[in-house]
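The values are calculated or read from the model by the stated rules, or taken from the named source; none is laboratory data. As the structure is a prediction and not an experimental result, all values here were calculated from the model. So basically every Cβ, Gly included, is an ideal-geometry build from the backbone, and we count neighbours across all protein chains shown.
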Amino acid sequence: MVRMPESRPYHHGDLRAALLAGAERTLREKGPAALSLRELARETGVSHAAPGRHFKDKQALLDALALAGFERLTEAMATADDPALPFEERLTRLARAYLGFTIENSALLELMYTRKHDPDVSQQLAAAVERSIEPIVRLFEGAQERGEIVAGDPEHITLLAGATLHGVAAFTANGSLPPQAALGGIGELVHHLLHGLRPR
């Protein structure tokens, strides 16, 4: 008697979440080139056509991963923020939350920034990027109103501060700086960013 191959089910309790979790795991372990909707379907235990209900192609999957990453980053920073704190301490907490996210999600962060700068980025992803930087922009705006930092475009100041933090994140990701040393030095980095290196 010939046994027919078992067919994989089309349905899954929360297929979209399962596919994203599997995709992020593949991204972390093997990089974006290894991502495949067909392989994710196999790993998730559904038919190869099932992922098409949520992601029309690999690019749609990458965009969804980047979107989820920016949403998680925004949540991590919101959790760390405390408007009752003095400006420098508050900025230090936000910077530490950002760096902590980058250390835990270095492969995802690379994808997030790659998609962020794509000329065809979706409106949904662009809005998520804006939400992720809003807390820092608002923080700098408030500090300017109180006379704690120089005047100027708060978005430009945010860009400079972000570039500094992203540099530390890059050094950590490539092994030049141990994660604990990076996190431990955030207070000093923020202090020098705000006060400069001149003797006081």
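Looking at region 111-128 only, could you name the residues that are of a type outside the set (Lys, Arg), surrounded by fewer than 18 Cβ atoms within 10 Å (Cβ to Cβ) and within 20 Å of residue 164 (Cβ to Cβ)?
Matches in region 111-128: 113, 117.
Let me confirm something: among 99, 67, 85, which residue is closer than 22 Å to residue 180 by Cβ and either touching a strand residue (DSSP E or B) at 6+ places or on another chain (Cβ under 7 Å) or of a type outside the set (Ser, Thr, Tyr) (or both)?
Working: 67 fails: closer than 22 Å to residue 180 by Cβ; 85 fails: closer than 22 Å to residue 180 by Cβ.
When all the criteria are applied, what remains is 99.
Please give the number of the condition residue 176 fails out of (1) over 27 Å from residue 61 (Cα atoms); (2) of a type in the set (Ser, Thr, Tyr); (3) surrounded by 16 or more Cβ atoms within 10 Å (Cβ to Cβ).
Of the numbered conditions (1) over 27 Å from residue 61 (Cα atoms); (2) of a type in the set (Ser, Thr, Tyr); (3) surrounded by 16 or more Cβ atoms within 10 Å (Cβ to Cβ), the odd one out for residue 176 is (3).
Is there any pair with a first residue in region 17-28 that is over 11 Å from residue 64 (Cα atoms) and a second that is loosely packed, with under 14 Cβ neighbours inside 10 Å and of a type outside the set (D, E, K, R) whose Cβ atoms are under 7 Å apart and which are 6 or more apart or on different chains, and what are they?
Pairs found: 26/34.
Residue 119 versus (1) outside any helix (DSSP H, G or I); (2) within 20 Å of residue 23 (Cα to Cα); (3) not acidic (Asp, Glu): which is the lone unmet condition?
That leaves (2) as the condition not met.
Among 126, 143, 163, which is assigned to a helix (DSSP H, G or I), at pLDDT 95 or above and either β-branched (Val, Ile, Thr) or farther than 19 Å from residue 24 by Cα (or both)?
Numbers: 126 fails: at pLDDT 95 or above; 163 fails: at pLDDT 95 or above.
Within the list 126, 143, 163, the selection yields 143.
So that you can scan it fast, the table gives a plain yes or no per residue for (1) closer than 25 Å to residue 121 by Cβ; (2) under 19 Å from the mean Cα position of the chain (by Cα):
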| residue | (1), (2) |
| --- | --- |
| 37 | yes, no |
| 50 | no, no |
| 60 | yes, yes |
| 70 | yes, yes |
| 74 | yes, yes |
| 90 | no, no |
| 101 | yes, yes |
| 104 | yes, yes |
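In this structure, does residue 131 turn out to be surrounded by fewer than 17 Cβ atoms within 10 Å (Cβ to Cβ) and touching a Ser or Thr at 6+ places or on another chain (Cβ under 6 Å)? Before the answer, list the steps.
Numbers: surrounded by fewer than 17 Cβ atoms within 10 Å (Cβ to Cβ): yes; touching a Ser or Thr at 6+ places or on another chain (Cβ under 6 Å): yes.
In short, yes.
Would you confirm, using the coordinates I've provided, whether residue 26 is hydroxyl-bearing (Ser, Thr, Tyr), surrounded by 14 or more Cβ atoms within 10 Å (Cβ to Cβ), more than 23 Å from the chain's Cα centre (by Cα) and closer than 26 Å to residue 104 by Cα? It would help to see each step written out before you state the result.
Working: hydroxyl-bearing (Ser, Thr, Tyr): yes; surrounded by 14 or more Cβ atoms within 10 Å (Cβ to Cβ): yes; more than 23 Å from the chain's Cα centre (by Cα): no; closer than 26 Å to residue 104 by Cα: yes.
No, not satisfied.
If you take the residues in region 178-200 that are farther than 13 Å from residue 103 by Cα and outside any helix (DSSP H, G or I), which one is modelled with the lowest pLDDT?
The residue in question is 200.
Considering region 180-198 alone, what residues qualify as being among the small types (Gly, Ala, Ser) and farther than 14 Å from residue 87 by Cα? Don't jump to the end; show me each part of the working.
Just the residues of region 180-198 that are among the small types (Gly, Ala, Ser), to begin with: 181-182, 184-185, 187, 196.
Selection gives 181, 182, 184, 185, 196.
Being part of a helix (DSSP H, G or I), surrounded by fewer than 19 Cβ atoms within 10 Å (Cβ to Cβ), of a type in the set (Asp, Glu) and within 14 Å of the chain's Cα centre (by Cα) is the requirement here; does residue 155 meet it? Step through it out loud before you land on a result.
Values: part of a helix (DSSP H, G or I): yes; surrounded by fewer than 19 Cβ atoms within 10 Å (Cβ to Cβ): yes; of a type in the set (Asp, Glu): yes; within 14 Å of the chain's Cα centre (by Cα): no.
Taking the combined requirement at face value, the residue does not satisfy it.
Pull up region 48-94, narrow it to residues that are part of a loop (DSSP other than H, G, I, E, B) and at pLDDT 90 or above, then point me to the one that is nearest to residue 33 (Cα to Cα).
So the first thing to find is which residues in region 48-94 are part of a loop (DSSP other than H, G, I, E, B), and the list is 48-49, 54-57, 81-86.
Next, from what is left, pick out any that are at pLDDT 90 or above: 81-86.
Working: 81: 36, 82: 39, 83: 41, 84: 45, 85: 43, 86: 44 Å.
The extreme case among them is 81.
Which residue out of 162, 184 is touching a helix residue (DSSP H, G or I) at 6+ places or on another chain (Cβ under 9 Å), closer than 20 Å to residue 79 by Cα and of a type outside the set (A, V, I, L, M)?
On the way: 184 fails: touching a helix residue (DSSP H, G or I) at 6+ places or on another chain (Cβ under 9 Å).
Answer to the selection: 162.
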